[in-house]
Amino acid sequence: MKRKIQCNICKKEFDYITQSHLKLHNMTMKEYKEKFPNAQITTLNFKNKASLAKQGKNNPMYGKKSPRKGVKLSNQTKNKISQSKKGLSSWNKGKTNIEIYGKKKANEISEKISKSRKGNKNPMYGIEPWNKGLPPEQQPMYKIEPWIKGLSSEKHPMYNKKHTEEAKKKMSKSRKGKPKSKEHKKILYENLENWRRKNPEILRENARKASQKNRARGNKLELKVKKKLDDIYPNEWIHNTDWKKVIGGKIPDFYHFSLPIVIEVNGKYWHSKEITGRTQAEEEQWIIDHYKKHNYDCIVLWEAEINTYGFEQLLIERISSVYLKVDINIVKEEIKC
């Protein structure tokens, strides 16, 4: 059975929806297409038949010259055509192939164009760009400054204006994945440093807000430790996110609800030798000694230990050994009393 197309008004099936049929619905072909923009007018089978019927000797213009060939239009006719076209824009102006043909057909067109320009079909096949290998100073755009550079703030096109969120997303997307040159990085760094020097108060305020925000929930390492502590020792350890516990000017990450024990979580960057000037062993001992002066036992956990598979067992061993030590000290004090 041959595939037919359906009239969107009366639902009857045809090979081709004609103008005379649309007159029955008091409608022109133009109105029909406007009302049903995606509607099919002819079947593929009918199109092929009509094409074959007009090919070769069957074409009434076969072997004849076009009556308009070589005929030049008069200036008056040209002016009339020009006047009739003024103010009109093309029906497909500003539209993408997807908007005109639909997604499926647009993809087919893109694939056809791509295939037609691949390999030796490409006009640039085997031809090297004329500027390939030229040093930067010989490139055509070298030392050409953008027209916007050097404009005063009032003359800048974006003066007192803001980009929309949509525009920001588009700019961000277009720049992602593109490597920055050394010169570009240097300019960005210099601009940032200049801004920091000019706005020290804003910088301090932003740092304070960021610090408060991070402390309100803790960093990733602290959250990992918190989860393990809550699972193994429920309701025993308190996460010091509100900075209520301060010992000798130092803020521990966790502290025990009743015993004089604290836990410090050390990341590999902020507690590295480049930042502190001490090795890992020296840094750990320095932290333990600081809390010892204030009669607190400290457990130091490092990022490398937290990220290992056996961290849970390591945590239990460390805390158990400190619990035992604290219990012995408490018993000794009771005996003295």
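The values are calculated or read from the model by the stated rules, or taken from the named source; none is laboratory data. Since the model is a prediction, treat every value here as computed from it, not as a measurement. In this analysis, Cβ positions are derived from the backbone assuming ideal geometry, glycine residues included, and neighbour counts consider all displayed protein chains.
Here W270 fulfils each of the conditions (1) free of Cβ contacts under 8 Å to residues at least 60 places away in the same chain; (2) surrounded by 15 or more Cβ atoms within 10 Å (Cβ to Cβ) apart from (2).
Within the option set S114, S89, being at pLDDT 85 or above, loosely packed, with under 11 Cβ neighbours inside 10 Å and over 30 Å from E183 (Cα atoms) holds for one residue only, S114. Return yes when L88 is at negative phi, part of a loop (DSSP other than H, G, I, E, B) and not charged (D, E, K, R) and no when it is not. Here the answer is yes, as L88 does meet what is asked. Of the helices (runs of 4 or more DSSP H) contained entirely in the range 272-321, those carrying at least 2 residues that are farther than 23 Å from L223 by Cα fall at 273-276, 280-293.
The condition of being out of contact with any Cys (no Cβ under 8 Å at 6 or more places or on another chain) and either surrounded by 10 or more Cβ atoms within 10 Å (Cβ to Cβ) or modelled with pLDDT under 85 (or both) holds for only one of K162, K180, that being K180. Checking each residue in the range 125-159 for being farther than 20 Å from E183 by Cβ, exposed (fewer than 10 other Cβ atoms within 10 Å of the Cβ) and modelled with pLDDT of 75 or more picks out G126, I127, E128, P129, W130, K132, G133, E154, K155, P157, M158.
Going by what's in this entry, would E222 be described as of a type outside the set (K, R) and under 34 Å from the mean Cα position of the chain (by Cα)? Considered against the rule, which asks whether it is of a type outside the set (K, R) and under 34 Å from the mean Cα position of the chain (by Cα), E222 comes out as yes.
Among the residues in the range 203-216, are any modelled with pLDDT of 80 or more and hydroxyl-bearing (S, T, Y)? Checked the range 203-216: no residue is modelled with pLDDT of 80 or more and hydroxyl-bearing (S, T, Y). It is to be established whether one or more residues within the range 245-259 are modelled with pLDDT under 90, touching a Pro at 6+ places or on another chain (Cβ under 7 Å), surrounded by 10 or more Cβ atoms within 10 Å (Cβ to Cβ) and more than 20 Å from D231 (Cβ to Cβ). The answer is yes; a qualifying residue exists.
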